[in-house]
Amino acid sequence: MAGSRVGAPVQADREVPGLIVKFGGYPLHHGGVGAIRSLGRIGVPMYAITEDAYTPAAASRYLKRAFVWPTTGAEEPEHLVEGLLRIGRHIGRPTVLIPTDEEAAVLIAEHQDALAGPFLFPRVDPALPRRLASKQGLHELCREHGIATPVTVFPRSYAEIAEFAERARFPVVAKNREAFVRRSRPAVGGTTRIATRAGLLDLARDWGEEPGVILQEYLPRESAEDWIVHACFDADAGPLALFTGVKVRSWPPHAGMTAHAYVVDNPELADLAARFIKEIGFSGVIDLDLRFDRRDGQYKLLDFNPRMGAQFRLFESESGIDVVRALHLNLTGRPVPEGAQRSGNRYVVENIDLPALLAYRRSGYTTPHAPARASGTELAWLAADDPMPFLTMMARFVRPGAKHLYARWRTNRRGGTA
């Protein structure tokens, strides 16, 4: 997808730049590259915070400048706010902030007044993004609003984990409980499926006296289907853009980042997501992960990311709108053109879909709602009009990227075989 393919071009305000905001060391982030391309293709000047000058994002032809600022996400909030303000002074004009991780979304929300001068972003309840990014906070919100979730526990000690292990049905899923804490004291490298009681107890020995994890019921892959919702909301106007799709593969398998997905119309899921987002009063871009449980016919919310999802470029409307474009248009006072989502399109993350494909060949997971043939394909990295991010990704991925994938796989395997 190179920009708008149907109808009139998207009319963005080219005097208002966009800034990709990310904290922590994850240079191979295809979502940031996608946002740079999406807005850059319609003439919006783009800036990004990068770990160094040689990331794929920094290599994009659509990036006006990379601000090299290595962070861990564990810094004091005041330090991060001052860094953003310093970047704002360099840009010199109001700029739309586009967070790509929970830490950035939480920081922006909790320091809205300090950042409001040089930056544009949706105004929200300052406490809401942190609560949504917290696995426990999200679980509590779901219970308040009647949204189904997997059975979840929040252990506070090794003894509570051992007690849970005695009665749990395995496999179970472990996730880091809180944003920011996952950067400074991560218990697991990411969403981790644990197959046995022994595997759980083995991993838990490394989690310290106060384990910062949640343990969640694993919905059997043979009885489930993974769905995603991406949207841009205005608390007053409602959904500016809302898309639904089905996840075919992820890495690590069944518990990680989307590697292969399709756009699939799902009015029931769209209505469910819109109702929940409206009830909690959220404004901005969101990325939801849900699992449809065929045993009881319910969509169970797994994650609510109060920011742009890495695979957002899967979704674009017939009027050329994705969630990042909708955000920029709304914040600059321009109308967001209506249009149906382009169903049947697929999204492939080249560097993780091959290992995912090999892993899924032996699994019992099926996606009956995925179309037999894609109507179009969006690659996460490779683009004819912007090839350098792909080449940079390949150069950086060969050793450290492959090592990272192996480490994530090994963590999941340790939980399954110990």
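The values are calculated or read from the model by the stated rules, or taken from the named source; none is laboratory data. None of the values given here were measured: they were computed from a predicted structure. No Cβ is skipped: glycine too gets one built from the backbone with ideal geometry, and neighbour counts run over all protein chains shown. These area figures cover heavy atoms from the full protein model, side chains too; ligands, DNA and RNA do not enter into them. Shrake-Rupley method; radii C 1.70, N 1.55, O 1.52, S 1.80 Å.
Points to keep in mind about this one:
- Within the stretch 372-392, tally of residues that are surrounded by 13 or more Cβ atoms within 10 Å (Cβ to Cβ) and in contact with a Ser or Thr (Cβ under 8 Å, 6 or more places away or on another chain): 4
- Qualifying residue in the stretch 274-281 (condition: of a type in the set (Gly, Ala, Ser) and at pLDDT 95 or above): yes
- If you go through the stretch 35-60 and keep only what is open to solvent by 10 Å² or more (accessible area, probe 1.4 Å) and under 26 Å from residue 81 (Cβ atoms), you end up with 45, 47, 51, 52, 53, 57, 58.
- Residues considered: 347, 360. Of these, the only one that is of a type outside the set (D, E, K, R), closer than 18 Å to residue 221 by Cβ and surrounded by 19 or more Cβ atoms within 10 Å (Cβ to Cβ) is 360.
- Selected residue (criterion: nearest to residue 174 (Cα to Cα)) from residues of the stretch 207-232 that are free of Cβ contacts under 8 Å to residues at least 60 places away in the same chain and open to solvent by less than 10 Å² (accessible area, probe 1.4 Å): 213
- Within the stretch 106-182, helices (runs of 4 or more DSSP H) holding 1 or more residues that are basic (Lys, Arg) and within 24 Å of residue 281 (Cβ to Cβ): 128-133, 135-145
- Residue in the stretch 305-315 that is closer than 23 Å to residue 195 by Cα, in contact with a Phe, Trp or Tyr (Cβ under 6 Å, 6 or more places away or on another chain) and open to solvent by less than 10 Å² (accessible area, probe 1.4 Å) present: no
- Search result, residues across the stretch 328-342 that are open to solvent by 70 Å² or more (accessible area, probe 1.4 Å) and either farther than 13 Å from residue 11 by Cβ or in contact with a Pro (Cβ under 7 Å, 6 or more places away or on another chain) (or both): 338
- Among residues of the stretch 384-399 that are closer than 15 Å to residue 37 by Cα, those with a beta-carbon under 6 Å from a residue that is hydroxyl-bearing (Ser, Thr, Tyr) at least six positions away or on a different chain give the pairs 386/60; 389/60.
- Counting residues in the stretch 285-301 that are more than 16 Å from residue 152 (Cβ to Cβ), touching a Cys at 6+ places or on another chain (Cβ under 7 Å), at pLDDT 95 or above and surrounded by 20 or more Cβ atoms within 10 Å (Cβ to Cβ) gives one or more.
- Residues satisfying the stated conditions in the stretch 61-106, i.e. open to solvent by less than 10 Å² (accessible area, probe 1.4 Å) and among the charged types (D, E, K, R): 101, 103
- Listed by position, the strands (runs of 3 or more DSSP E) contained in the stretch 188-262 that have at least 2 residues being of a type in the set (Phe, Trp, Tyr) are 224-234, 238-251.
- Selection status of residue 181, surrounded by fewer than 20 Cβ atoms within 10 Å (Cβ to Cβ), more than 30 Å from residue 76 (Cα to Cα) and among the β-branched types (Val, Ile, Thr): no
The rows are residues; the columns are (1) aromatic (Phe, Trp, Tyr); (2) under 23 Å from residue 136 (Cβ atoms); (3) free of Cβ contacts under 8 Å to residues at least 60 places away in the same chain.
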site	(1), (2), (3)
247	no, no, no
266	no, no, no
271	no, no, yes
278	no, yes, yes
291	no, yes, no
299	yes, yes, no
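- Looking only at the stretch 107-133, and only at residues there that are in contact with a strand residue (DSSP E or B) (Cβ under 7 Å, 6 or more places away or on another chain) and open to solvent by less than 40 Å² (accessible area, probe 1.4 Å), the one that is farthest from residue 169 (Cα to Cα): 118
- Residue ranges of strands (runs of 3 or more DSSP E) in the stretch 267-380 with at least 2 members closer than 22 Å to residue 41 by Cβ: 284-293, 345-348, 376-379
- Residue within the stretch 1-9 that is of a type outside the set (Ser, Thr, Tyr), surrounded by fewer than 24 Cβ atoms within 10 Å (Cβ to Cβ) and at pLDDT 95 or above present: no
Yes/no per residue for (1) in contact with a strand residue (DSSP E or B) (Cβ under 9 Å, 6 or more places away or on another chain); (2) surrounded by fewer than 21 Cβ atoms within 10 Å (Cβ to Cβ):
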position	(1), (2)
135	yes, no
142	yes, yes
146	no, yes
152	yes, yes
173	yes, no
190	yes, yes
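- Within the stretch 13-26, considering residues that are at pLDDT 95 or above and open to solvent by 10 Å² or more (accessible area, probe 1.4 Å), the one farthest from residue 323 (Cα to Cα): 15
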